[in-house]
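The values are calculated or read from the model by the stated rules, or taken from the named source; none is laboratory data. Here the structure is a predicted model, which is why all the values come from computation and not from measurement. Heads up, the Cβs are rebuilt from the backbone with ideal geometry, glycines too, and the neighbour counts pull from every protein chain shown.
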Amino acid sequence: EAPVATPTREEFVVHGFVRRRETGAGIPGLTLALADARGRWLRETGYACTDARGYFRLVIPLGSSYTPQAAGVAMDKASDMVS
């Protein structure tokens, strides 16, 4: 089970697990980042790495040029690769 992500008023949190389709086991040691619709890394959002269980937590400051629509594109692409 994922820890509760409680963002402050100054941040947005994207979190979850990356798991293998075949077994459901978490994939440790992956680096995740948000990308725009063209696949370019949104550098201002930073990156996160999965832990031993495959869990990641990416904290994004609300003052950045990040938009939730960009995250939706990135997360849709990621869900096609790993479930």
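Table: residues versus (1) at pLDDT 65 or above; (2) part of a strand (DSSP E or B); (3) surrounded by 17 or more Cβ atoms within 10 Å (Cβ to Cβ).
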position	(1), (2), (3)
Ala2	no, no, no
Thr6	yes, no, no
Val14	yes, yes, yes
Arg21	yes, no, no
Ala52	yes, no, no
Phe56	yes, yes, yes
Ile60	yes, yes, yes
Ala74	no, no, yes
Lys77	no, no, no
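Tally up the residues in the stretch 35-50 that are part of a loop (DSSP other than H, G, I, E, B) and at pLDDT 85 or above, please. So that I can check it myself, show each step before the final result.
Going residue by residue through the stretch 35-50, those that are part of a loop (DSSP other than H, G, I, E, B) are 36-40, 42, 46-47, 50.
From the residues that got through so far, the ones that are at pLDDT 85 or above too are 38-40, 46-47, 50.
Total meeting the criteria: 6.
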